[in-house]
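Here, each number is a calculation from the coordinates, and none is a lab measurement. Remember, it's a predicted structure, so these values are computed and weren't measured experimentally. Virtual Cβ from ideal backbone geometry, glycine too; neighbours counted across all protein chains shown.
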Amino acid sequence: MLCEMHFTNQLMVAVEETKQSQFFSFLARKPGLDAEELKNYRPVSSLTFVSKLVERVVSSRLVSYLTTHGQMPQLQSAYRRHHSTETAWPKVLSDVYATIDRQQVTLLGLLDLSAAFDCVDHDILLRWLRHKFGICGTALEWIASFLLGRSQQVYYKGCLSVKLQLLFGVPQGSVLGPLLFLLYMAELFDVIAERGCTGHAYADDTRHTSARQPQTIQMRRIV
């Protein structure tokens with residue numbers, strides 16, 4: 001279990017100060033989208049250098065702990081060293097080819113979460129970190145401090161919005177955010193396995209496959 005992480009008081013205070021007033025800048029998701037549609041933008045956190053420095057230390061400790069205890073999500077190819085889309089596709093193709101060798105048919109389902117980083121439930125994540133990954137004590141308290149009590153303001157065309165408290169999500173543009181998102185999504189692979197399927201993901205893009213005998217599949221013609 002990972003229950004202790006030691007930080008100086010100065011670093012703890014520095015991280016807390018970055019949460020007092022957090023600004024976001026809008027960035028378009030894809031070129032060519034309508035600039036007047038707010039849904040075509042995503043918020044990216046404007047975090048201080050000190051905050052990212054501390055996050056990198058915590059991320060390194062977490063990855064080391066998860067790797068040592070074999071708890072790093074193995075079916076995830078994003079935000080992991082030596083993993084990328086080049087490791088995701090061979091896994092997908094390998095599953096399909098194995099199904100063909102058994103003279104079965106592969107049913108493929110694709111799941112793409114919209115605004116995935118903004119949908120992370122803090123309570124569920126913290127509970128999952130404790131019970132699934134064995135993170136407790138000071139380590140869990142520090143992560144809770146990192147997630148909770150953040151506020152958001154948007155600066156757009158010379159105007160600053162009112163400050164709102166963030167009840168969900170991990171900071172986009174942060175160092176620790178992607179790792180926490182991967183751990184939050186880890187339960188999805190348990191659900192897929194319980195249904196007798198196999199899955200693999202790259203960030204919030206997940207595919208799951210199911211092998212079936214051809215005679216068990218009812219085909220419906222769509223006119």
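When Rg and the Kirkwood radius Rh are both evaluated on Cα atoms of the range 39-183, their ratio Rg/Rh stands at 1.04. Residue-wise HN-Hα couplings along the range 114-123, as the Karplus relation 6.51 cos²θ - 1.76 cosθ + 1.60 with θ = phi - 60° gives them from phi, are 8, 6, 4, 5, 7, 9, 5, 7, 4, 5 Hz; Gly and Pro carry x. Return one quarter of the surface area of the convex hull spanned by the alpha-carbon atoms of the range 118-223, equal to its mean projected area, in nm². Taking the Cα atoms of the range 118-223, their convex hull projects to 11.8 nm² on average.
Taking GluC sites (Glu not before Pro) across the range 27-93, the ones in a DSSP loop with at most 11 further Cβ atoms lying within 10 angstrom of their Cβ are GLU36, GLU37. Comparing Cα centroids, the range 57-80 and the range 102-129 end up 18 angstrom apart. From the residues VAL191, LEU125, THR138, which one has its Cα farthest along the dipole of the range 115-223 in the positive direction, the dipole being from +1 and -1 charges on Cβ of Lys/Arg and Asp/Glu about the Cα centre? Working it through, the farthest residue towards the positive pole turns out to be VAL191. Rounded to the nearest 20, the size of the Cβ-charge dipole of the range 57-103 about its Cα centre is 220 debye, with Lys and Arg at +1 and Asp and Glu at -1. Just so you know, the Cα atoms of the range 66-146 work out to an Rg and Dmax of 17.2, 52 Å. Taking amide hydrogens as placed 1.01 Å from N in the peptide plane, the amide H of GLN172 sits under 5 Å from those of SER45, each at least 5 positions away in sequence or on another chain.
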